[in-house]
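Accompanying notes for the structure given below.
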Amino acid sequence: MRNLLRLCPLLLALALLFGAEPAFAGKRVALVLANSAYQHAPSLTNPVNDGSVIAKTLKDAGFDIVDSRHDLSALETRRVLRDFADATRDADIAVVYYAGHGIEVEGSNYLIPVDARLERDTDVYDEALSLDRVLVAVEPAKQLRLVILDACRDNPFGKTMKRSVASRGIGRGLAQVEPTSPNTLIAYSAKAGFTAQDGDGANSPFTVALSKHLTTPGLDVRRAFGFVRDDVLKSTGNKQEPFVYGSLGGDDVPLVPVKVAAAASPVANPQADIRRDYELALQVGNRAAWDAFLAQHPDGFYSSLAKLQLEKIGAEQAHAAAIEKAKQAEAERDRLAAVGAQKDAQIKAAADAKAAEQAQLAAQKAKEQAQQQAAAAEQQRANLAAAAPSAAPASTASPAGTNVASLTPATTPADLSRSVQTELGRVGCFSGQADGNWNTSSQRSLSQFNRYAGTKLDVKVASTDALDTVKSKPSRVCPLVCEHGFKADGDKCTRIVCGDGYALNDDNECEKKRAAKPTASKPATSRRDDSEDRPARQRPQIGAAGGLGGLGGDAAGIATGARRTSGGGQVFCTNGGCRPVNRGCHLEYRGGGGPGNDANAEVCN
């Protein structure tokens, strides 16, 4: 008793955290309606068969009331709905299943009894039953109101009835609905505006899938319809997609609760109690929960695992503190540098920042090591629990968790990892080799599966939950992504081969190659302006007094095409002739020009 009281704070906290999970199903009632023998339209083969299957499925699932009727007239259907409404007044879950003809007129949906004629469009108001009338019958249910319509068939009345108003619309299939009452779901065998198939067998594809998934114990009704959708799409070649309208809250709402097995023996199993306490502490996951667990169970197999979890938390906290200290040291170093502090102070601050950075790296390494050890130990514990739930550990585990593997499970961790990898490869999420090594690549593959399947599996370990969840997917989940130069071919990527004269462009398409442009000939080397080969009309002229042509000069212009010497590369010309400019000198234009006044002067450095 004393030990129980010591654990009470932990149990109370866990009860507050997880007490919101639904634990009951309450009274469940169902009405099954099936119409095949239509008096004024061709008979339908499957509805009565479908109704029988669903009625048996609900009875086998333990429903308190299952009222199954078939081939009812309009008056009989109204009476049955009235009586069923009385049965739902004290029910928690109410289900109505209808198979037969349905019709949509002006955006409203109607169920068609077997005696309906529907010669005019307005006859639906008198001879058919609106979907709203069915919703009224399930309205009193407290937890879930579910209406299932396998009535999206191709309706013969819509083709023959007369229009009293030309603009009145008669749709194909059923119209989309938005339930106004809370906790109400309306399931169609085909999306609004589409028709459903009867299938080749005795039952429709929709009913076959319903009987398989709807009453799975503990399965939320929304997930059940998700599995139904997947099965129908697969069996109809993606031609028929069931759809559900309405919404529920955050809690799971299964039609059938999970049965709690009675204890085989009144003798308590201490190891089972310790394991349950451990798993509760694991769900909370903070230091206080693990301290409370170790205070109650200081020794043994699970206490060693709890110490590993505490070491992981401590390493994570130390790493966070080291990051903060490194930030502060770096900020102090930058502040001293900005204010121009003394050099000794700046050197000390830089050393402190460096030391803090090194401490941060060491803390990060310690954190990663502690996380890996805790994850490995937890994976082995989960595998052992899945393989032998009632088995108790034979020895105490060491702090490193090495003795956790002292028990030999029916399925080794490597085998479980290999199985998960194989299933991930089947649904297109894993492309590596199924070698049983649960590495980073395998974790990324399971994370990708979570993203596309909408699940929240723990990617750090290969668990039996992950294996069962991936196995439940009948076809590819992750999309096929091919690299450049490859294209999707079924479930494989094949290389793209372009024909002669075509090449693969950046858009992964073959396009015609462009003709190569002729290579331009290399331009001739340019010559100096004073080359002898340059036409005289293009050569700059120098006047007799050394000025440029046009700036003055009393003598005829003399071409400066004389061969250059080893001087400065310029030629100085006067009335007496031309000579090269001396080495280290150059001509500088001074302006003017004329007799006795040279326009250019020789300037030497």
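Identify all residues within the range 412-464 that are hydrophobic (A, V, I, L, M, F, W, C), open to solvent by less than 20 Å² (accessible area, probe 1.4 Å) and within 20 Å of Pro474 (Cβ to Cβ); write none if there are none.
Once the filter is applied, which keeps residues that are hydrophobic (A, V, I, L, M, F, W, C), open to solvent by less than 20 Å² (accessible area, probe 1.4 Å) and within 20 Å of Pro474 (Cβ to Cβ), the range 412-464 yields Val420, Leu424, Val427, Cys429, Leu446, Phe449.
Which residue out of Asp231, Asp252 is closer than 30 Å to Arg145 by Cα, touching a residue at least 40 places away in the same chain (Cβ under 8 Å), of a type in the set (Asp, Glu) and open to solvent by less than 50 Å² (accessible area, probe 1.4 Å)?
Asp231
State whether one or more residues within the range 336-349 are among the hydrophobic types (A, V, I, L, M, F, W, C), assigned to a helix (DSSP H, G or I), at pLDDT 90 or above and open to solvent by 40 Å² or more (accessible area, probe 1.4 Å).
Within the range 336-349 (the criterion being among the hydrophobic types (A, V, I, L, M, F, W, C), assigned to a helix (DSSP H, G or I), at pLDDT 90 or above and open to solvent by 40 Å² or more (accessible area, probe 1.4 Å)), the answer is yes, since at least one residue qualifies.
Scan the range 85-95 residue by residue and report those that are open to solvent by less than 10 Å² (accessible area, probe 1.4 Å) and not β-branched (Val, Ile, Thr).
Ala91, Ala94
Looking only at residues that are within 16 Å of Arg133 (Cβ to Cβ) and either among the polar types (S, T, N, Q) or part of a strand (DSSP E or B) (or both) in the range 96-108, which one is most open to solvent (accessible area, probe 1.4 Å)?
Looking at the filtered set, the residue picked out is Ser108.
If you check every pair at least six apart or on different chains, which have Cβ atoms under 6 Å apart with a residue in the range 189-213 that is under 18 Å from Gly226 (Cβ atoms) first and a residue that is aromatic (Phe, Trp, Tyr) second?
Listed by first residue and then by second, the contacts come to Ser189/Phe206; Lys191/Phe243; His213/Phe227.
Assess whether Lys191 counts as being open to solvent by 50 Å² or more (accessible area, probe 1.4 Å), of a type outside the set (Asp, Glu), in a helix (DSSP H, G or I) and out of contact with any His (no Cβ under 6 Å at 6 or more places or on another chain).
For Lys191, the condition - open to solvent by 50 Å² or more (accessible area, probe 1.4 Å), of a type outside the set (Asp, Glu), in a helix (DSSP H, G or I) and out of contact with any His (no Cβ under 6 Å at 6 or more places or on another chain) - is not met.
Can you list residue pairs whose Cβ atoms sit under 7 Å apart, with the first residue in the range 473-484 being over 11 Å from Asp230 (Cα atoms) and the second being of a type in the set (S, T, N, Q) and not in a loop (DSSP other than H, G, I, E, B)? Count only pairs 6 or more apart in sequence or on different chains.
Between residues of the range 473-484 that are over 11 Å from Asp230 (Cα atoms) and residues that are of a type in the set (S, T, N, Q) and not in a loop (DSSP other than H, G, I, E, B), the close pairs are Cys478/Gln448.
Within the group Thr440, Thr412, which residue is polar (S, T, N, Q), modelled with pLDDT of 75 or more and within 30 Å of Asp465 (Cα to Cα)?
Going through Thr440, Thr412 in turn, just one is polar (S, T, N, Q), modelled with pLDDT of 75 or more and within 30 Å of Asp465 (Cα to Cα): Thr440.
Does Leu111 qualify as being at pLDDT 90 or above and buried (at least 22 other Cβ atoms within 10 Å of the Cβ)?
yes
Let me confirm something: among Gly218, Gly199, which residue is assigned to a loop (DSSP other than H, G, I, E, B), modelled with pLDDT under 90 and buried (at least 17 other Cβ atoms within 10 Å of the Cβ)?
Matching residue, one of Gly218, Gly199: Gly199.
Matching residues to (1) free of Cβ contacts under 8 Å to residues at least 12 places away in the same chain; (2) in a helix (DSSP H, G or I); (3) open to solvent by 50 Å² or more (accessible area, probe 1.4 Å):
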| position | (1), (2), (3) |
| --- | --- |
| Leu294 | no, yes, no |
| Gln309 | no, yes, no |
| Ile313 | no, yes, no |
| Glu316 | no, yes, yes |
| Ala320 | yes, yes, yes |
| Ala326 | no, yes, no |
| Ala329 | no, yes, no |
| Glu332 | no, yes, yes |
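Need the failing condition index for Gly237 against (1) at pLDDT below 85; (2) open to solvent by 50 Å² or more (accessible area, probe 1.4 Å); (3) more than 28 Å from Ile93 (Cβ to Cβ); (4) part of a loop (DSSP other than H, G, I, E, B), just the number.
So the condition that Gly237 fails would be (1).
Check Ala34, Ala74, Ala41 and return the single one that is buried (at least 16 other Cβ atoms within 10 Å of the Cβ) and at pLDDT below 90.
Of Ala34, Ala74, Ala41, the one residue that is buried (at least 16 other Cβ atoms within 10 Å of the Cβ) and at pLDDT below 90 is Ala41.
Give just the number: which of (1) open to solvent by less than 60 Å² (accessible area, probe 1.4 Å); (2) among the charged types (D, E, K, R); (3) at pLDDT below 90 does Glu21 not satisfy?
Only one criterion in (1) open to solvent by less than 60 Å² (accessible area, probe 1.4 Å); (2) among the charged types (D, E, K, R); (3) at pLDDT below 90 is unmet by Glu21, namely (1).
Just checking, how many residues over the range 112-132 are assigned to a helix (DSSP H, G or I) and either in contact with a Cys (Cβ under 9 Å, 6 or more places away or on another chain) or over 24 Å from Leu214 (Cα atoms) (or both)?
Matching residues across the range 112-132 total 7.
Rundown of residues vs (1) under 19 Å from the mean Cα position of the chain (by Cα); (2) outside any helix (DSSP H, G or I), yes/no style:
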site: Ala434; (1), (2): no, yes
site: Trp438; (1), (2): no, yes
site: Ser441; (1), (2): yes, no
site: Ser445; (1), (2): yes, no
site: Lys456; (1), (2): yes, yes
site: Val459; (1), (2): yes, yes
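Looking only at the range 116-146, count every residue that is touching a residue at least 60 places away in the same chain (Cβ under 8 Å), under 30 Å from Val228 (Cα atoms) and open to solvent by 10 Å² or more (accessible area, probe 1.4 Å) and tell me the total.
So the answer is 2.
Looking at (1) over 22 Å from Lys312 (Cβ atoms); (2) modelled with pLDDT under 85; (3) open to solvent by 40 Å² or more (accessible area, probe 1.4 Å), which is the one condition that is false for Thr396?
(1)
Working only within the range 178-196, note down all residues that are β-branched (Val, Ile, Thr) and either over 22 Å from Pro254 (Cα atoms) or modelled with pLDDT under 90 (or both).
Thr180, Thr195
For every residue, the table says whether it meets (1) assigned to a loop (DSSP other than H, G, I, E, B); (2) without any contact (Cβ under 8 Å) to a residue 40 or more places away in the chain; (3) among the acidic types (Asp, Glu).
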{"residue": "Val66", "(1), (2), (3)": "no, yes, no"}
{"residue": "Thr77", "(1), (2), (3)": "no, no, no"}
{"residue": "Asp90", "(1), (2), (3)": "yes, no, yes"}
{"residue": "Ala94", "(1), (2), (3)": "no, no, no"}
{"residue": "Tyr110", "(1), (2), (3)": "no, yes, no"}
{"residue": "Ile148", "(1), (2), (3)": "no, no, no"}
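Out of everything in the range 427-466 that is of a type in the set (Lys, Arg) and free of Cβ contacts under 8 Å to residues at least 24 places away in the same chain, what residue ends up being nearest to Asp230 (Cα to Cα)?
Filtering first and then ranking leaves Arg451.
The values are calculated or read from the model by the stated rules, or taken from the named source; none is laboratory data. No experiment lies behind these values; they were computed from the predicted model shown. For neighbour counting, all protein chains shown are included, and Cβ atoms are generated from backbone atoms with ideal geometry for every residue, glycine included. Quick note on the areas: whole protein, heavy atoms, side chains included, nothing else; ligands and nucleic acids left out. Shrake-Rupley method; radii C 1.70, N 1.55, O 1.52, S 1.80 Å.
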